[in-house]
Amino acid sequence: MYGATGHTGRFVVEELLRRAIPTSISGRSVATLESLAAGWDTVDVRPASVDDPRALDKALLNAAAVINCAGPFAHTGAQLIDAATRARIPYVDVAAEIEANQSTLRRQTAVPVVPAMAFYGGLGDLLATAALGDHPKAERIDVAYGLSSWHPTPGTRRAGEVSQQRRGGRRVRFADGELRYHDDKPTQQDWEFPDPLGRQRVIAEFSMADIVTIPSHLEVPEVRTLMAVAAAGDLADADTPPPAAVDELGRSDQTFVVDVRVQLDGTERRATAHGQDIYAISAPLAVEAVQRILAGETRTSGVATAGAMFDAADFLNTLPLTVDLP
């Protein structure tokens with residue numbers, strides 16, 4: 001597990017240990033890794049920098065798979081995918097960066113690679129795929145995020161800065177079957193979430209990783225992601241503190257609803273998921289993906305997103321979520 005010292009990385013390690021999966025942790029800081037390992041009796045420490053291929057190869061020696069939780073993924077993804085390819089093992093990450101995921105999806109690899117296996121990118125993709133069932137295409141897919149709040153981690157903030165730099169401050173949308181960069185001002189609209197959330201004000205085209213994961217395998221000319229205005233305000237405020245644990249699992253008090261609406265042949269199909277803590281839920285998403293890959297429970301090979309790689313409805317039903325499918 002690379003990036004174990006980060007907020008999401010710690011959730012992933014806990015999930016691996018909960019499932020009794022032998023775990024090695026890696027990252028740049030030897031001292032921090034060893035300090036964390038002191039609380040995880042069975043964890044093996046294998047420090048490595050992403051800029052050191054030999055160290056990465058040593059860290060992945062005899063590993064069955066690698067999960068990358070170290071963002072910004074624009075700086076770590078390619079190096080770790082290369083290392084996984086050399087080791088001939090599957091690679092899974094939790095990247096939310098649109099351009100980093102797009103770069104990964106363009107790769108050709110001899111090993112399974114699943115990017116964005118997390119709350120942003122992975123969950124919406126699974127919901128959209130499950131909503132479509134056997135249909136490979138749709139007229140439009142909307143993914144609306146109803147977050148009670150958003151206390152971003154330092155990693156989220158760094159990744160956002162990198163993405164903004166890559167875009168030159170522009171915004172991005174997926175329309176007419178492709179990513180398009182633009183300078184249009186954000187717009188707002190009302191969105192009717194399932195009860196008990198109800199009607200909420202959202203920012204339209206608050207683009208997240210779903211705009212590249214979903215159309216990577218589904219034929220759809222337009223994918224939009226929308227974000228609750230209050231949560232977007234939390235993210236934009238530099239003074240918003242990081243998440244604070246409120247339960248024995250280390251989760252924050254943040255709750256969420258992901259509401260996916262698929263337009264198909266003039267009708268609407270809807271799939272929703274309710275849960276707690278967007279960072280915590282990324283752990284079972286990533287770990288379940290690794291277990292299914294190692295068990296041979298996949299639908300394709302090489303580089304693929306969650307919806308293409310797995311049985312979406314079955315996968316969703318294993319997660320600690322309340323899921324409502326068509």
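The values are calculated or read from the model by the stated rules, or taken from the named source; none is laboratory data. Not measured: the values here are computed from a predicted model. As a convention, Cβ positions derive from the backbone with ideal geometry for all residues, glycine included, and neighbour counts pool all protein chains shown.
Worth a mention:
- Residue selected from segment 142-171 under the condition in contact with a strand residue (DSSP E or B) (Cβ under 9 Å, 6 or more places away or on another chain) and surrounded by fewer than 17 Cβ atoms within 10 Å (Cβ to Cβ), by the criterion farthest from residue 129 (Cα to Cα): 168
- Selection from segment 110-131 of residues that are surrounded by fewer than 23 Cβ atoms within 10 Å (Cβ to Cβ) and modelled with pLDDT of 95 or more: 111
- There is no residue in segment 87-106 that is loosely packed, with under 15 Cβ neighbours inside 10 Å and in contact with a helix residue (DSSP H, G or I) (Cβ under 8 Å, 6 or more places away or on another chain).
- Sole exception among (1) in contact (Cβ under 8 Å) with a residue 40 or more places away in the chain; (2) part of a loop (DSSP other than H, G, I, E, B); (3) aliphatic (A, V, I, L, M); (4) out of contact with any Gly (no Cβ under 6 Å at 6 or more places or on another chain) for residue 12, by number: (2)
- Here residue 244 meets each of (1) in contact (Cβ under 8 Å) with a residue 24 or more places away in the chain; (2) closer than 19 Å to residue 158 by Cβ with one exception, condition (2).
- Helices (runs of 4 or more DSSP H) within segment 244-326 that include 2 or more residues touching a Pro at 6+ places or on another chain (Cβ under 7 Å): 278-294
- The lone exception for residue 224 - which of (1) over 20 Å from the mean Cα position of the chain (by Cα); (2) charged (D, E, K, R); (3) at pLDDT 95 or above it fails: (1)
- Neighbours by Cβ (under 9 Å, 6+ apart or cross-chain): first from segment 300-320, assigned by TED's automatic domain parsing to the domain that holds residue 125; second buried (at least 22 other Cβ atoms within 10 Å of the Cβ) and of a type in the set (Asp, Glu): none
- Condition met for residue 292 (of a type in the set (Lys, Arg) and either in the same structural domain as residue 90 (by TED's automatic domain parsing) or crowded, with 18+ Cβ neighbours inside 10 Å (or both)): yes
- Boolean, residue 224 is in the same structural domain as residue 174 (by TED's automatic domain parsing), assigned to a strand (DSSP E or B) and closer than 22 Å to residue 106 by Cα: yes
Yes/no per residue for (1) over 24 Å from residue 158 (Cα atoms); (2) free of Cβ contacts under 8 Å to residues at least 40 places away in the same chain:
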| residue | (1), (2) |
| --- | --- |
| 16 | yes, no |
| 19 | yes, no |
| 31 | no, yes |
| 38 | yes, yes |
| 58 | yes, yes |
| 62 | yes, yes |
| 65 | yes, no |
| 72 | no, no |
| 77 | no, yes |
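- Count of segment 163-213 residues which are in contact with a helix residue (DSSP H, G or I) (Cβ under 8 Å, 6 or more places away or on another chain) and either assigned to a helix (DSSP H, G or I) or among the small types (Gly, Ala, Ser) (or both): 10
- Residue within segment 34-46 that is under 15 Å from residue 280 (Cβ atoms), in a helix (DSSP H, G or I) and among the acidic types (Asp, Glu) present: no
- Test: residue in segment 127-142 that is outside the structural domain of residue 68 (by TED's automatic domain parsing), of a type outside the set (Ser, Thr, Tyr) and without any contact (Cβ under 8 Å) to a residue 12 or more places away in the chain: yes
- Qualifying residue in segment 20-30 (condition: among the basic types (Lys, Arg), assigned to a helix (DSSP H, G or I) and outside the structural domain of residue 206 (by TED's automatic domain parsing)): no
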